[in-house]
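The values are calculated or read from the model by the stated rules, or taken from the named source; none is laboratory data. The structure displayed is predicted, hence computed values, not measured ones. Counting neighbours? That spans all protein chains shown, and the Cβs are built from the backbone with ideal geometry, glycine included.
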Amino acid sequence: MPQESSHRVVLMVDENSNPFEMSCAIEVFGLPRPELGRDLYDFRLCAAEPRTRMRDGFFTLSDVADLGAAEEADTLIVPNRPDTDAPRAPHVLDAVRRAHARGARLVGFCSGAFTLAEAGLLHGRPAACHWMWADSFRARFPGVRLDQDVLFVDDGDILTASGSASALDLSLHVVRRDHGAEIANHVSRRLVFAAHRDGGQRQFVERPVPHIRDESLAPVLTWAQERLGEPLTVADLAARARVSQATLHRRFRAQLGTTPLAWLTGERVNLARRFIERGEKRLDVVAARSGLGTAANLRARLRQETGLSPSAYRRRFGPSGGEPVTP
């Protein structure tokens, strides 16, 4: 039997909450992981009322824990709902404030940023919310440093995601923060979802018009991911895609919201993290195999990405006697 986790994630739902974000949380934090030999989280649902009507009356949620479950959460995912002008119930906001006061990590998906702001927990802090509600959010909460262009914001003990799909991005980011890149990559594979989209990427990206010609980056991305240890450059990516570097840059901006160099560096850092997690201790080997070149560059990039040195990262996420996850 898988070993149970001691980290409790509680998802709080409220009247008219969006079921998509609830499903995202259940998929990432709530499913058992027998293939890992342990469950990553102890997951609970809770609600303010015995019966909670979900968004647009699609269904009614019942038979879940009451708000008392929030008192035991290590991570509390706060309610979101599309009627952002309607105030949250005072007892819901009180439960969120109490969780924050005792040190729980708070997560808001999409309009969940409104819940956190109404609770008074975002004043002077950065946050993300859906671009459709950016003007309304700024008008109501001028003291919050809203970034409407990013997928999610990680401000340590409070994390916010911009929209529905970015709830998955933020959830995988939390798994990566808690358990390392290798485990997060495993979870993303089960979801058949992109393993890593940086929170700083744009919420809305233009898509190429498919009936003109196929300009998808997928083939060149796959090609590059298989050769990260080689001395790949942006020029090599452009040559593989059979376009100019300027055209490649435009396509990366339009389809991924980032630059070719930033994407390539991020993929190499993630590969280096996985080598460290699997037990490789020689930094020069990790740097060479991941394409980062030197141990000094590896140290700098890893610290920039995770805030940890390679040795600290190894202590936190390296092998601890168990078998490494099969890629």
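Identify all residues within segment 1-22 that are within 21 Å of C110 (Cβ to Cβ), part of a loop (DSSP other than H, G, I, E, B) and not acidic (D, E); write none if there are none.
Once the filter is applied, which keeps residues that are within 21 Å of C110 (Cβ to Cβ), part of a loop (DSSP other than H, G, I, E, B) and not acidic (D, E), segment 1-22 yields N16, S17, N18.
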- request: Hey, could you check segment 36-55 for residues that are out of contact with any Lys or Arg (no Cβ under 8 Å at 6 or more places or on another chain) and touching a residue at least 40 places away in the same chain (Cβ under 8 Å) and say which is farthest from S166 (Cα to Cα)?
  value: G37
message: Which numbered condition in (1) more than 15 Å from V28 (Cβ to Cβ); (2) assigned to a helix (DSSP H, G or I); (3) aliphatic (A, V, I, L, M); (4) under 18 Å from the mean Cα position of the chain (by Cα) is the only one that L170 fails?
response: (1)
- request: Only one of these is buried (at least 16 other Cβ atoms within 10 Å of the Cβ), among the polar types (S, T, N, Q) and part of a helix (DSSP H, G or I): T265, T258. Name it.
  value: T265
- line: Considering segment 42-62, residues that are within 11 Å of P19 (Cβ to Cβ) and assigned to a loop (DSSP other than H, G, I, E, B), and then whichever is modelled with the lowest pLDDT, we arrive at F58
statement: Those residues of segment 20-30 which are closer than 13 Å to L191 by Cβ and in contact (Cβ under 8 Å) with a residue 40 or more places away in the chain amount to C24, A25, E27, V28, F29
query: From the residues in segment 101-118 that are surrounded by 20 or more Cβ atoms within 10 Å (Cβ to Cβ) and of a type in the set (G, A, S), which one is farthest from the chain's Cα centre (by Cα)?
result: A117
task: Evaluate segment 295-302: report whether one residue or more is basic (K, R), farther than 20 Å from E226 by Cα, under 25 Å from the mean Cα position of the chain (by Cα) and modelled with pLDDT under 90.
output: no
field: segment 23-44, residues that are within 14 Å of F109 (Cα to Cα) and surrounded by fewer than 18 Cβ atoms within 10 Å (Cβ to Cβ)
entry: S23, I26
- line: Of those in segment 132-166 that are modelled with pLDDT under 85 and surrounded by fewer than 19 Cβ atoms within 10 Å (Cβ to Cβ), the residue farthest from V107 (Cα to Cα) is D149
message: Can you go through E118, E206, E215, E182 and tell me which one is of a type in the set (D, E, K, R), at pLDDT 90 or above and touching a helix residue (DSSP H, G or I) at 6+ places or on another chain (Cβ under 7 Å)?
response: E118
